[in-house]
Every structure is written in C-alpha cells, then in structure tokens.
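Below: one structure, written as structure tokens.
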Amino acid sequence: MTRRRMLDGLDAEIRDHIRRETEENIERGMAPEEARRAALRKFGSVTRVNEETREVWSWVWLEQLLRDARDALRMQWRNPGFTLVIVVTLALGIGMNTAIFSVAHAVLLKPLDYPNPDRLVWLADYDPNIKRDIVSLNDFYEWRDHAQSYAAMAAYGYQQATLSGPGYGSQVTGVAVAGDFWTLAGAQPAMGRLFAPGEQDAVVLAWDLFQREFSGDARIVGGSVFLDGRQATVAGVLPKNFRFQFPMWWVTIQPQPPAVYIPMPPRDAERWRIANVVAALRPGIGPGHALAELHALEERALRAGEPRPLGARPVKLRVEPLREKLVAEARPTLLVLLAAGGFVLLIACVNIASLLLARSAARQREIAIRMAVGGGGARVVRQLLFESLALAVAGGVAGVAFAAGAVRALIGLSPHAVPRLAEAGMDGDALAFAAAVAMGAAMLFGAGPALSLRRTHLQSALKEGARASAGSQRIRMRRLLVAVELALSIVLLAAAGLMVKSFWRMNARPPGFAPESVLTMKIRLAGPQYADRAACEAYVRELLLRLASTPGVQSAGLSNWFLFSGAPAFPADPSPDQTRVIRLNAASPNYLQAVGARLVKGRWLTDADPAGAVLLNESMARQAFGDADPIGRSLRVPQPVTVVGVVSDLKYAKLDAEPPPEVYVRYQQLPFLRGADVAVRIAGDPSVLAPVIRKRISDIDPSQPVYDMKTLEQALADSIAPRRFNLFLLGTFASAALLLAIVGVYGVIAYSVAERTREIGVRMALGARRGRVVGMVMREGMLIAAAGIAAGLAAALVLTRLMASLLYDVRPHDPLTFAVVAIVLAATALAASMGPALKAALVDPVVALRHE
Amino acid sequence: MSTRREENRIDLLQGTLDLLILRTLLARPAHGHAIAKTIERNSDDVLQVEQGSLYPALHRLVRRGWIAAEDGLSENNRRAKYYRLTSKGRKQLRAETTKWEKLAGAIARILRPVSGEVKP
C-alpha cells in the first residue's frame with residue numbers, strides 16, 4: 001500500500017520539485033524560460049528518475065518486462081516481411097530438430113512398452129554365415145524347461161499362413177509363438193482367451209483381421225477356421241491397441257503387422273524349426289549369469305551326445321537387453337541425424353543473426369534516441385533480447401507444428417525403417433525440447449546484435465542523421481557469419497553426398513538385370529487337397545506351363561531355399577571337416593534366367609538333368625574350388641552332386657557386401673513343395689500384366705491365391721528402406737542448409753552493395769566500367785565463399801568419419817564427393833552474389849551521388 | 001561543455017546520499033526540494049546531487065522504514081510530500097555516522113603524508 005501511495009504521488013512530487021527550482025531560479029534573476037531549462041537540467045532525466053524510483057518498489061521489473069514484450073511484439077508487427085523470413089527460418093530449424101529428437105527419443109530413450117521393460121532380454125545364437133541370430137525351437141524348449149535365470153521365456157517366428165473357412169480364404173501374416181509369449185508381450189484378450197503354452201490348433205486374431213475378415217462378429221470366438229488347411233479354434237481376439245514390437249527381421253519383406261497368432265509346434269515335432277527368443281530375467285540376475293547358464297545347458301546337451309537340431313555349427317550364444325537388440329542398428333543413424341539437425345539449426349541461427357545485424361544498423365538511431373532520453377543500456381539490451389525471444393517463440397510454435405507434420409510424414413513414408421518409429425510423436429518431452437531449442441536459439445542469434453547495438457556510440461549515431469551506417473565492423477561480422485554458415489553447409493552436403501553415393505552403389509546392377517521387368521510373388525499350397533506331394537507337383541507343373549504360355553512372359557520359374565549346414569567337403573578347404581553354411585536353392589529351369597542371373601560357365605539346368613546335377617553361384621565356386629574349373633567336379637551337400645554350371649551371384653537384398661555361397665538343385669529336390677517364390681520376367685508394363693498373371697494362377701485353384709506380388713525392383717527397394725530413410729532425411733537437411741546458405745550469401749552481398757551505392761556511384765562517375773563493378777562485388781562474394789568452403793571441407797574430413805557405418809562401398813572422405821560438394825556450393829555462392837552484382841552495375845552515378 | 005564542472009564535483013556513493021538525507025531530516029521534516037537544497041547549501045555546493053537521483057533514494061529509505069512520508073502544506077500553502085525520520089531511521093543514522101567517521105578518519109590518516117609531500 002505504501003508502494004501505491006508513494007508512486008501515485010511521484011509525478012506530482014517531481015513536478016512540484018521542478019517548479020520550486022524554477023521559481024528559485026527566477027528569483028535569482030533568470031528569465032522564466034531559461035529558469036525552467038536550468039531546473040530541468042539540474043534535475044536530470046525525468047524518465048529515468050521515474051523508472052529508477054519505481055524500480056525501488058521492486059516488481060517494477062515485471063511491469064517493464066511486460067512493456068518490453070509489448071514493444072517487442074509491436075516492433076515485429078511493424079516489419080512483417082522481415083519477421084516472416086526469420087520465423088520461417090527458425091520454424092524450419094526448430095521443426096527439423098524437434099522431429100528428429102522425437103524420433104530419437106522414442107527409439108533410443110523411451111522405455112519399451114512392456115511390463116518390466118528393463119529386465120527383457122534377447123537370447124540368440126548368432127550364425128556368422130548367414131549373419132543372423134537364430135535359435136532352434138528345440139533349444140528354446142530345452143532352455144525354458146531347465147534355465148533358472150528367467151522369470152519367463154517366449155519364442156516367436158514369422159509364419160505366413162492361409163486362413164480359410166466357408167466362403168473366404170486369404171494369405172495372412174502370422175506369428176507363431178511359444179512359451180510365455182503373452183505374458184512378456186503384456187497382452188490381454190479383448191474377447192475370448194489367449195491360448196495356453198503347449199496348446200495346439202488354436203489361433204488368436206489381431207483386431208484388424210477380426211474386423212476385416214469377420215466384420216467384428218463376436219460369434220467367431222470359440223468357432224473354428226482352417227489354418228493352412230488344419231482346423232483350429234479361434235481362442236480369442238487381441239485388443240485394438242495391441243502392438244507387436246519384438247524385433248522382426250521380416251518387416252522389410254513383410255511390412256504388415258501380424259494378423260494372427262498361432263502356436264509353435266511342440267518339442268521335436270519339427271526339429272529344423274528356428275525361432276526368435278525373448279525372456280525376462282529374474283530380479284537380481286544379470287545377463288552375464290544368464291548367459292553362463294545357457295552355455296552350461298548347451299554343453300550338457302553336447303556331452304550327452306544329443307544331435308544338435310540345426311547340425312553342428314559354431315555356437316555364439318548371446319544374451320542382451322531387448323532394447324539394445326531393437327535399436328542398436330538405428331543408433332548411429334539417429335545420432336548422425338541429430339547432429340545434422342543441429343547443424344541446420346546453427347545455420348539458421350547464423351542467418352538470423354546476420355539479418356538482425358543488418359537491421360540493427362537501421363535501428364541504430366532509434367536505440368541512440370532511447371539511450372539519450374535515459375533508457376539504461378541494460379534496458380536496451382533486454383528489449384533487444386525480448387525481440388529475439390518473441391521471434392523464437394513464434395518460430396518455436398511454428399516449428400512444433402512443422403515437426404508434428406514431419407514425424408507423421410516420416411511414419412507414413414517408411415514405418416519400418418527404424419524400429420519403434422511409430423511411437424514417435426509430439427509428446428511432452430518433444431515439446432520441452434522444442435522450447436529449450438527455441439530459447440537457446442534466441443540467445444544465440446539475439447546476443448550478438450544486442451551487444452553490438454549496446455556499444456552504439458551515442459553522439460556519432462545521432463550526428464549521422466538520417467543516413468544510418470552499418471559501420472565496417474558490422475559488415476565484417478556479417479561476412480564472418482556467412483562464411484561460418486557456408487562451412488556448416490559443406491559438412492552437411494558432404495554427408496548427404498556420401499549417402500547419395502552409397503545409395504547409388506547399392507543400386508548399381510549388372511547390365512541386363514532389369515529388375516523393373518521382373519514380377520515376383522509367392523505361393524503357398526494349403527488345405528487337405530495338397531497333403532500329398534504328387535498333388536503339389538501337379539500344381540507346380542501346371543503353374544509353370546500356364547505362366548510360360550502367357551503372352552508377354554519371357555521366362556518364368558519358381559524357387560525355394562533352405563539352409564544346409566555341415567561339411568560340404570570343399571576341395572579348397574584346408575581342413576576337410578570345416579563346418580559351412582550354404583544356401584541350398586531349389587529352382588525350376590527358367591527361374592534363374594527370370595530373375596536375371598547370367599551363366600558364367602558350363603550350362604543351365606534342364607528338366608532332363610539327373611537329380612544330382614547342380615549349378616553354383618560364383619561365390620560358392622570360388623570358395624569350394626578356388627581358381628580351379630568347377631565344371632564336372634563333385635561336392636557333398638550332403639548327397640554327392642555334380643557341378644554342371646556356374647551362374648553370377650544374385651543380390652537378394654542390396655545390403656551388406658558378400659552374397660552367400662549358393663548351390664542350385666532341381667526344384668524336384670525340395671523336401672517340401674508347399675511354398676515357393678515365383679519369378680516372371682516380362683516384356684511390357686508390369687502393372688498391366690500383373691492382374692493377368694494373378695488370374696491365370698488363381699484359375700488353377702481359386703482357393704490358392706498368390707500373394708506378395710511386386711516387381712523385383714520394388715522388392716530390392718524395400719530391402720533398403722532404412723537407408724532410404726537416412727538418405728531422405730540427410731538430403732532434406734542438406735537442402736535446407738543449402739537454401740539457408742544461399743539466402744545468407746545473397747543477403748550479405750546485397751546489403752553490402754546497398755551500403756556502397758554511393759561509393760559505386762563515385763567509381764562509375766570516375767570512369768569505372770560496369771564490368772569492373774560486377775567483378776568487384778563478385779570478388780567479395782567469392783572470397784567469403786572460398787573461406788567458408790575451405791573451413792567446411794576441413795571440418796567435413798574429420799566429421800564424416802563418424803558416419804562410416806552408414807555408408808556402403810564409399811569411403812568417408814571420398815574425394816569425388818568432396819569435390820562435387822565444394823563445386824556445388826561455390827556455384828551456389830556465385831549465383832547468389834550475381835544478383836546484387838548486376839544491381840550494382842546498374843547503379844546510376846547521378847542518382848547515387850544525389851542520394852546523399 | 002560541462003566537463004570542467006563535473007570534475008570538481010564529487011559523485012555521491014549511494015550509501016552516502018542515504019546518510020545525508022537522514023542527517024538532513026534529523027533537524028525537521030522536509031519535502032524533496034528542500035532536502036536537495038539543504039544538502040547543496042551545507043556542502044558549499046561541492047556535493048551536487050543530480051536532484052532527480054534524490055527520489056529513488058527517498059523511496060528506498062521509505063521502503064526500509066527509516067523515513068516516513070506524509071502529505072503536508074508547505075510555506076505558501078501548497079500541498080507537498082514531507083519526509084520525516086522514524087525512530088528506526090534515527091538508530092540507523094547513529095550507526096552510519098559512527099561508521100562514516102571511522103572511515104573518514106582512516107582515509108585522512110592515510111592521505112596526510114601525501115599532502116605533506118605535495119605541499120612542502
């Protein structure tokens with residue numbers, strides 16, 4: 001109350017004071033006007049006294065803050081174009097970073113969406129030959145029965161299934177599960193029940209399938225369906241929000257979420273069966289202890305002389321946190337992307353700082369006046385920081401909107417590129433991050449200009465009158481900023497360039513391969529009518545005949561493969577007992593031609609060949625026989641076979657170096673003929689021929705539809721979806737950086753030309769040719785560019801090494817990429833300074849000189 | 001233009017101004033202008049307060065409870081805000097004066113030999 005009373009009287013008090021002083025002066029003989037001026041001078045700045053007095057009553061700072069904020073907003077409003085550029089730039093920077101953060105956060109930091117996520121582990125037996133973690137289903141049963149370290153253990157595996165019943169039949173993506181799967185996944189039935197461990201011939205439906213195939217009709221629960229031709233009870237339905245999030249190696253080939261859950265076969269029913277295994281450790285048990293126990297079990301089985309289910313192979317048991325297994329591969333990618341996002345934001349801040357510096361020149365007079373009438377220096381800085389803050393808040397809000405859209409777009413674009421990507425979104429953490437980034441950015445781009453203005457020299461600024469001068473120091477600062485910006489862009493461009501080149505290398509293909517004119521699809525023969533092999537063979541023969549006679553089809557075949565592991569007696573091996581894993585393919589005569597393999601030596605297989613005739617791929621031929629001619633040689637796999645030809649290596653997935661060693665036998669050799677990959681090389685448009693082929697196949701037996709039909713090109717592209725994701729993001733970041741750099745270079749050069757209009761006018765009046773003026777301006781731009789590019793290349797040489805794991809067949813300091821990037825940026829800088837240079841050349845000396 | 005005069009003037013430390021105000025009000029309550037005049041007159045114009053800076057100081061002292069403000073009538077029947085010393089302010093003035101005398105004495109002792117050298 002005292003505050004109120006004191007401050008209410010303040011103005012009157014000050015007025016009274018000045019009147020008394022004036023009266024005294026008049027008494028001393030001054031003229032009234034002079035007396036008042038002297039009194040005012042003696043009193044000092046009324047505004048400041050007022051302010052300082054109010055400050056005594058402390059909360060004043062709050063009032064000032066509000067006033068400054070209002071002023072800041074008004075200032076931005078008065079200059080909408082300028083503000084818009086800054087806000088958009090900021091929104092871009094903050095948005096990209098927030099989007100990447102929310103992805104990285106969801107993938108790397110958030111706990112898994114399961115009960116007790118920290119105790120979940122991945123159990124695996126790594127096979128170096130096929131580079132995959134596998135566990136034999138029998139081993140899983142052994143572990144689950146005897147290992148003490150685990151509170152729960154579950155096995156699961158991908159299983160394509162045919163779901164049929166009266167009036168419907170479809171191929172669905174299924175997951176076969178065993179053990180405590182439901183417990184570990186935290187699943188509760190929405191309807192019915194979840195089948196018990198060990199229960200057979202039951203099925204649990206995912207919500208989507210339940211809606212799609214059964215129209216959400218609850219009467220199906222407890223009823224029966226046919227799964228691959230076997231009757232099974234529909235035990236229950238999973239809730240709508242249930243998500244399968246264990247590691248799924250198959251997502252790249254089969255991206256739909258699992259539609260049905262079916263029981264794994266019981267122990268010893270299918271000894272060759274493999275599975276993925278997850279478990280929950282008992283409280284207090286570490287992964288090391290758990291691993292030791294598995295080793296002990298494995299050794300006991302070996303000592304007992306039990307035949308290993310997958311044959312003798314090197315054992316590399318592993319127990320690792322489930323989260324690690326899920327995200328380990330994604331981590332380097334996300335870290336690189338986070339860094340790239342940071343770079344874009346830095347560039348954006350540098351750009352904005354440069355813009356603000358340019359404007360600060362124009363505002364110098366305004367600031368000088370504020371300081372002259374007694375606005376304290378700190379107050380002016382605060383006001384400027386406020387303006388930055390207002391910009392940052394606007395940019396942050398727009399950035400969050402941008403990020404929300406970007407994350408949704410990313411998830412839509414390639415939902416399986418990164419595990420757990422679907423969990424990303426604008427949650428509280430992402431918002432907090434955006435806010436922090438916005439504040440940090442405000443400090444970053446606001447501090448420089450504010451401090452530079454604070455140093456404003458009062459008298460010189462006022463004296464210079466209307467012509468606001470930037471001063472050489474400020475333009476030097478801006479040039480430096482732009483050079484920094486260019487250097488940052490180079491780093492990003494180099495990273496993106498390396499990714500592009502990797503991608504290009506991945507897509508490199510032998511001439512004539514033409515994957516766009518190969519249609520691939522899958523068949524699965526299900527139902528009692530295919531229980532016997534003769535029926536399957538008849539179906540396959542009919543299929544091949546029909547495909548071959550379809551107009552537009554050049555060659556068609558089918559294939560299936562299985563792993564053979566053992567000692568195939570490679571003559572080139574130093575120790576003949578060495579265990580190998582090879583891929584044993586069974587293919588019909590035209591399959592290899594259809595997918596584009598070339599014959600390197602010998603001849604193709606035909607239907608007339610005996611059972612023991614095989615083809616090798618080049619990798620296999622090299623590993624088995626070294627440099628010797630393999631034609632006519634024999635091999636044990638484990639039956640003795642004779643090599644009749646060698647074909648080129650096929651890349652099934654574009655990723656990761658070595659193709660596996662492969663042996664091709666006749667398809668009649670396949671142990672099971674109930675499923676196969678079909679490949680059809682066609683002439684013409686695949687989208688026209690695809691329905692024709694689909695129809696011809698379903699004509700053989702309408703209950704056996706083909707599925708997964710796509711061009712080989714599409715199949716290969718799907719296999720590198722994660723890399724496409726990286727490339728896309730890094731490319732976006734690099735483009736944003738390039739765009740900002742162009743704006744930056746253009747801004748600083750245009751500004752410097754505007755500053756020098758008079759000087760240019762004088763030069764031209766004195767006879768300088770327009771060409772020289774253009775050269776002069778361009779030289780300025782090029783000098784900045786050269787400095788920035790040189791610094792950027794040096795930084796990129798160091799930094800790109802961190803992304804080595806993301807590259808394919810390209811070294812992190814690939815000279816060609818670096819050269820191209822440098823040229824692109826130099827050309828960009830050249831183009832950006834071209835406009836201002838031409839404008840300089842068009843300066844009319846008369847106008848320029850009169851300007852003053 | 002005013003630089004010469006400014007050199008001869010002693011800038012007041014904030015605490016000093018507070019002390020002077022308290023001392024001025026010891027005699028009788030006064031309004032702001034009278035306080036400024038008294039300080040100037042009593043210091044032979046050596047201590048020239050930029051008169052405005054008096055007001056933040058007055059408000060500060062009111063806030064601390066060392067002086068109180070009340071409305072009153074001045075000589076020619078004009079309303080004015082009068083400041084008077086409170087008992088808390090009286091105590092403060094005694095403490096500050098003692099402190100100041102000690103400080104002044106110490107500085108004087110340190111400076112004496114120097115003046116001896118300069119003026120032989």
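Just a few scattered comments:
- Residues located in the range A:829-840, provided they are surrounded by fewer than 20 Cβ atoms within 10 Å (Cβ to Cβ) and touching a residue at least 60 places away in the same chain (Cβ under 8 Å): A:ALA831, A:GLY835, A:LEU838, A:LYS839
- Any hit, the range A:39-51, residues being away from every other protein chain (no Cβ under 14 Å), in a helix (DSSP H, G or I) and out of contact with any strand residue (DSSP E or B) (no Cβ under 9 Å at 6 or more places or on another chain): no
- For the range A:769-786, filtering for residues that are more than 17 Å from A:LEU825 (Cβ to Cβ), hydrophobic (A, V, I, L, M, F, W, C) and open to solvent by 30 Å² or more (accessible area, probe 1.4 Å) leaves 1.
- Members of the range A:102-132 found to be over 15 Å from A:ARG323 (Cβ atoms) and either among the aliphatic types (A, V, I, L, M) or not in a helix (DSSP H, G or I) (or both), listed by number: A:VAL103, A:ASP125, A:TYR126, A:ASP127, A:PRO128, A:ASN129, A:ILE130, A:LYS131, A:ARG132
- Near pairs, Cβ below 6 angstrom, 6+ apart or cross-chain, from the range A:669-683 (at pLDDT below 85) to any residue that is among the aromatic types (Phe, Trp, Tyr) and open to solvent by less than 50 Å² (accessible area, probe 1.4 Å): none
- Set side by side, the residues A:VAL277, A:VAL319 differ, and just one is at pLDDT 80 or above, under 30 Å from A:LEU163 (Cα atoms) and within 36 Å of the chain's Cα centre (by Cα), which is A:VAL277.
- Subset of the range A:165-195 (residues that are closer than 22 Å to A:GLY229 by Cα and open to solvent by 30 Å² or more (accessible area, probe 1.4 Å)): A:PRO166, A:GLY167, A:TYR168, A:GLY169, A:GLN171, A:LEU194
- Set A:THR2, A:THR98, A:THR89: member being hydroxyl-bearing (Ser, Thr, Tyr) and either more than 24 Å from A:LEU346 (Cα to Cα) or surrounded by fewer than 18 Cβ atoms within 10 Å (Cβ to Cβ) (or both): A:THR2
- A single member of A:ALA804, A:ALA791 is at negative phi, in contact (Cβ under 8 Å) with a residue 24 or more places away in the chain, open to solvent by 20 Å² or more (accessible area, probe 1.4 Å) and in a helix (DSSP H, G or I), and it is A:ALA791.
- Test: A:LEU205 is modelled with pLDDT of 90 or more, open to solvent by less than 10 Å² (accessible area, probe 1.4 Å), farther than 21 Å from A:GLY675 by Cα and of a type in the set (A, V, I, L, M, F, W, C): yes
- Total residues in the range A:103-123, condition at pLDDT 80 or above and under 22 Å from A:ASP133 (Cα atoms): 9
- Within the range A:52-66, the set of residues being open to solvent by 50 Å² or more (accessible area, probe 1.4 Å) and either at pLDDT below 65 or within 12 Å of chain B (Cβ to nearest Cβ) (or both) comprises A:GLU52, A:ARG54, A:GLU55, A:TRP59, A:TRP61.
- Odd one out for A:ALA69, checked against (1) more than 40 Å from the chain's Cα centre (by Cα); (2) surrounded by fewer than 18 Cβ atoms within 10 Å (Cβ to Cβ); (3) touching a residue at least 12 places away in the same chain (Cβ under 8 Å): (1)
- Any hit, the range A:218-240, residues being surrounded by 16 or more Cβ atoms within 10 Å (Cβ to Cβ), hydrophobic (A, V, I, L, M, F, W, C) and either closer than 21 Å to A:TYR114 by Cβ or touching a Pro at 6+ places or on another chain (Cβ under 6 Å) (or both): yes
- Any hit, the range A:284-292, residues being aliphatic (A, V, I, L, M) and closer than 29 Å to A:SER164 by Cβ: no
- When the range A:9-37 is filtered for residues that are more than 10 Å from chain B (Cβ to nearest Cβ) and part of a loop (DSSP other than H, G, I, E, B), the ones remaining, listed by number, are A:ARG28, A:GLY29, A:MET30, A:ALA31.
- Leading residue by the ranking (nearest to the other protein chains (Cβ to nearest Cβ)) among those in the range B:61-90 that are loosely packed, with under 12 Cβ neighbours inside 10 Å and within 27 Å of A:GLU52 (Cα to Cα): B:ASP71
- When A:ASP609 is tested against (1) assigned to a loop (DSSP other than H, G, I, E, B); (2) surrounded by 22 or more Cβ atoms within 10 Å (Cβ to Cβ); (3) at pLDDT 85 or above, only condition (2) is not met.
- Search result, residues across the range B:66-113 that are in a strand (DSSP E or B), free of Cβ contacts under 8 Å to residues at least 12 places away in the same chain and touching a helix residue (DSSP H, G or I) at 6+ places or on another chain (Cβ under 9 Å): B:ARG79
The values are calculated or read from the model by the stated rules, or taken from the named source; none is laboratory data. Note that this is a predicted model, so its numbers are computed, not measured. Cβ sites come from the backbone with ideal geometry, for glycine too, and all protein chains shown count toward neighbours. Calculation scope for accessible area: heavy atoms of the full protein, side chains included, ligands and nucleic acids excluded. Shrake-Rupley method; radii C 1.70, N 1.55, O 1.52, S 1.80 Å.
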